[in-house]
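Working notes for the structure below.
Please treat every number below as a calculation from the coordinates, not as lab data. Everything quoted here is computed from the prediction, not taken from an experiment. Cβ placement follows ideal geometry from the backbone for every residue including glycine, while neighbour counts extend to all protein chains displayed.
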């Protein structure tokens, strides 16, 4: 029987494999972390992915538009039920794009599914907090 501590460690390790592959611009490594029925959202308005074919196209775009990428996962929370885990945490993505360094502080959520002995990412969402909303406020200021 898997303890909740072992479960959390395994889910976090799966997310770390994804972050390391992304940081290494390792397309096949990224694809190996994804479930066949993967879907997710990125921070861009057109970044909606449904299925591994679209995931591959999105990741190829990300990698081709950057000279360097680094993804660092921050503190996270993991819960589980049976062979499914859900993950939520902070995430920092740094990249060099056309000679400019970019830093994106965001949040990443994921649903992971156990497939045999492997944990695969079935759903993933990267988002950045809305810049027009002040700390302690539920809504942005009306103009």
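Among 104, 123, which comes first, second and so on when ranked by fewest other beta-carbon atoms within 10 Å? Before the final figure, lay out each step's value.
Working: 104 13, 123 19.
Lowest count first: 104, 123.
Over the chain, what is the relative contact order in percent, taking alpha-carbon pairs closer than 8 angstrom and at least six residues apart? Please list the in-between numbers first.
Numbers: 257 pairs, mean separation 31.3, N = 143.
It rounds to 22 percent for the chain.
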Original post:
When the chain is fully extended, how far beyond the present Cα-Cα distance does residue 28 get from residue 127, taking 0.36 nm per residue of separation?
Top reply: 33.3 nm
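Nearest 0.05, what FRET efficiency do residue 5 and residue 118 give at R0 = 25 Å with Cβ-Cβ as r? List each step's numbers first, then the result.
On the way: r = 19 Å, r/R0 = 0.76.
About 0.85, to the nearest 0.05.
Based only on other Cβ atoms within 10 Å, what is the fewest-to-most ordering of 50, 41?
On the way: 50 11, 41 14.
Ranking 50, 41 by Cβ neighbours within 10 Å, fewest first, gives 50, 41.
So how do 33, 9 line up by other beta-carbon neighbours within 10 Å, fewest first? Walk me through the numbers before you get to the answer.
On the way: 33 24, 9 13.
So the residues, fewest neighbours to most, are 9, 33.
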Original post:
When the helices in the chain are scored as -39500 (n - 2.57) per DSSP H run of 4 or longer and the sum is shared across all residues, what 222 nm value do you end up with, to the nearest 500 deg cm²/dmol?
Top reply: -8500 deg cm²/dmol
Original post:
Along the principal axes of its C-alpha atoms, what lengths does the range 84-128 span, in descending order and rounded to whole Å?
Top reply: 43, 17, 11
